[in-house]
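Right, one structure below, let's go through it.
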Amino acid sequence: MIRPDVFTLVNREGRVSEQRYGEWVAVRRDGFVAELVLDRPKAMNAVSSDMARSIAQACAALAGDGSVRAVVLSSTHERAFCVGADLKERNSLSDAELGRQRPLARAAYTGVLELPMPTVAAVHGFALGGGFELALSCDLIVADGTAVVGLPEVSVGVIPGGGGTQLLPRRVGAARAAELIFTARRVPAAEARELGLVDRLVADGEDRAEALALARSIAANSPVGLRAAKRALRVGYGLDLRAGLEVEDAAWRSVAFSGDRAEGVAAFNEKRTPNWPGE
């Protein structure tokens, strides 16, 4: 059920085209692909308490929607994906208020991280601190030539708190992550691609289109298979090989007797496009 702070827009055909979660977050649907849109342009998508709450709420709704096969995380701001935490708000908080705000912030980042379907971040302009952590919480990152990424938190007296100290070394290794976090430096797009901080580098202004195209290609596959594959990748990473193979086997068993597996094999043999039942 849609909560009161979720607003629904309807197009001419009567289908839901966009749902708004609070003032600054929207979810748009295009078939099996959902776009989670950061839409706080006056603050370059700085994540305030209210915005964090909205991101978490939108992610909870997406996680429970079995018809969504892939999610793109995007921004409406021309010069920024997200500049991280709202430091103006943080500056006004007492220590007690900051402590109470922490669970809200964590829920936003873990909401993206724990989405059960594949996720793609579309990054342009600044993706700094918590903004880059939102991108790191996705499975894949597409960036254009204007992208500047980094985790500069130690330069303002804190540390990455949206998963950065754990997610970055999983991408680029412990030593490289330490160098980037300890120096707080900002990394331009070309170097970010070279270091593996982003996965695809595209022409300026093409990050969203490329991310959506990638998500559509992902969404053509079995939704049951996609979620199980993501679960195996996420849970098995970092385990020893034997334990990882057990994780993979459990994920395989969860799909081997599914309707999607039966349909996929039938469609292959009948030389047609599968019509996935999603179960």
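So the values come out like this:
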| item | result |
| --- | --- |
| Within the stretch 238-277, tally of residues that are open to solvent by 100 Å² or more (accessible area, probe 1.4 Å) and within 30 Å of residue 172 (Cβ to Cβ) | 5 |
| Residue within the stretch 160-167 that is under 15 Å from the mean Cα position of the chain (by Cα), surrounded by 14 or more Cβ atoms within 10 Å (Cβ to Cβ) and under 30 Å from residue 263 (Cβ atoms) present | no |
| The stretch 103-129: number of residues that are in contact (Cβ under 8 Å) with a residue 12 or more places away in the chain and more than 12 Å from the chain's Cα centre (by Cα) | 10 |
| Count of residues meeting criterion [open to solvent by 50 Å² or more (accessible area, probe 1.4 Å) and not acidic (Asp, Glu)] in the stretch 68-84 | 2 |
| Selected residue (only one of 226, 214, 239, 233 is in a loop (DSSP other than H, G, I, E, B), among the hydrophobic types (A, V, I, L, M, F, W, C), within 25 Å of the chain's Cα centre (by Cα) and modelled with pLDDT of 95 or more) | 239 |
| Test result for residue 181, assigned to a helix (DSSP H, G or I), open to solvent by less than 30 Å² (accessible area, probe 1.4 Å) and farther than 24 Å from residue 151 by Cβ | no |
| Number of the condition not met by residue 208 [criteria: (1) open to solvent by 70 Å² or more (accessible area, probe 1.4 Å); (2) over 15 Å from residue 121 (Cα atoms); (3) not hydrophobic (A, V, I, L, M, F, W, C)] | (2) |
| Residue in the stretch 98-115 that is farther than 20 Å from residue 28 by Cβ, among the acidic types (Asp, Glu) and modelled with pLDDT under 95 present | no |
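The values are calculated or read from the model by the stated rules, or taken from the named source; none is laboratory data. Bear in mind the structure is a predicted one, so any value in this text is a computation, not a measurement. Here Cβ is always computed from backbone atoms with ideal geometry, including for glycine, and neighbour counts include all displayed protein chains. For accessibility, only protein heavy atoms count, side chains too; no ligands or nucleic acids. Shrake-Rupley method; radii C 1.70, N 1.55, O 1.52, S 1.80 Å.
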